[in-house]
Amino acid sequence: MAEVCAAWLDAPRKTRCISIMGCDGSGKTSIIKRLRESEPERFKSYVGKRLYRNSILYKIAVTLIRPLLFQGREKFDDTLAPFNYLRAAAALPLLNIFSGSRLTLVDRALTDFLIVNRKSDNPRLHWASGLARIFGQRIPIVHLLVPQERLSQRKREMTKTGHAKYDRMLFDCLSLRTPTMYVLFHNGGGIEKSAASARNIILHLSRK
């Protein structure tokens, strides 16, 4: 049974999508932008939340249901976490198929869509996080880690306690699952050095 599950979830051998993830302010967007601009013939980018926010059902829910709940967009995404995850999991293989010859650097990973209260002292996996054991193509993931001192200079959106819990929770979740292709990347340096190092890792993970 484990072998069948692994075959079902494993990414294609020549996957054209790689997730770049990390807490808010970890440098995901900056690294992706730098790689895309320096080598546009090799890299392109994709905002991960579009995997579910492009859905007609999601747009209807935002228009008709969110005003009734008096929730901001992030809180509403927490409420819809199971739907968002399944919708993103269904869209990801199509993104991989139609990526063309360039590598698509996806800002965020599927697991991100099952995390709620991400900017609080206690970010946690949604109670429906078991969906990840059955659904969701496991493309390579580069998880950006950044020291709290550096994070607080970039964005003051995550608390020190929440930052540590977020990174630990994701490490425990992603490193222990099978199959997985998961790399921790320390992003505490300058953008030039970080982008160059990330480029080497990404190209290795792409299984070209």
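The values are calculated or read from the model by the stated rules, or taken from the named source; none is laboratory data. Note that the structure is a prediction, hence the values are computed from the model and not measured. With ideal geometry, Cβ positions are generated from the backbone for all residues, glycine too; neighbour counts draw on all protein chains shown. Heavy atoms of the whole protein, side chains included, go into the accessibility calculation; ligands, DNA and RNA do not. Shrake-Rupley method; radii C 1.70, N 1.55, O 1.52, S 1.80 Å.
Pairing residues of segment 145-171 that are more than 18 Å from Val116 (Cα to Cα) with residues that are part of a helix (DSSP H, G or I) and of a type outside the set (D, E, K, R), at Cβ distances under 8 Å and at least 6 apart in sequence or on separate chains, gives Gln148/His163; Gln148/Ala164; Leu151/His163. For segment 65-107, the tally of residues that are closer than 30 Å to Arg42 by Cβ and not polar (S, T, N, Q) stands at 18.
Examine segment 18-34 for a residue that is open to solvent by 60 Å² or more (accessible area, probe 1.4 Å) and of a type in the set (Lys, Arg), and state whether such a residue exists. Looking through segment 18-34, at least one residue is open to solvent by 60 Å² or more (accessible area, probe 1.4 Å) and of a type in the set (Lys, Arg). Among the residues of segment 45-88, the one identified as more than 23 Å from Asp24 (Cα to Cα), of a type in the set (Lys, Arg) and either surrounded by fewer than 16 Cβ atoms within 10 Å (Cβ to Cβ) or under 14 Å from the mean Cα position of the chain (by Cα) (or both) is Lys59.
So, in segment 106-160, of the ones that are under 19 Å from Ala91 (Cα atoms) and of a type in the set (Ser, Thr, Tyr), which residue ends up least open to solvent (accessible area, probe 1.4 Å)? Once the filter is applied, the top-ranked residue is Thr111.
Looking at segment 46-56, is at least one residue part of a helix (DSSP H, G or I) and under 16 Å from Ala128 (Cβ atoms)? The answer is yes, given that some residue of segment 46-56 is part of a helix (DSSP H, G or I) and under 16 Å from Ala128 (Cβ atoms).
The C-beta contact set for segment 68-85 (first residue in contact (Cβ under 8 Å) with a residue 40 or more places away in the chain and within 17 Å of Tyr52 (Cα to Cα), second residue part of a helix (DSSP H, G or I) and open to solvent by 10 Å² or more (accessible area, probe 1.4 Å), distance under 6 angstrom, 6+ apart or interchain) comprises Tyr85/Phe113; Tyr85/Leu131. Within segment 173-199, can you find the residues that are open to solvent by 50 Å² or more (accessible area, probe 1.4 Å) and within 14 Å of Gly22 (Cα to Cα)? Hits for segment 173-199 are Leu184, His186.
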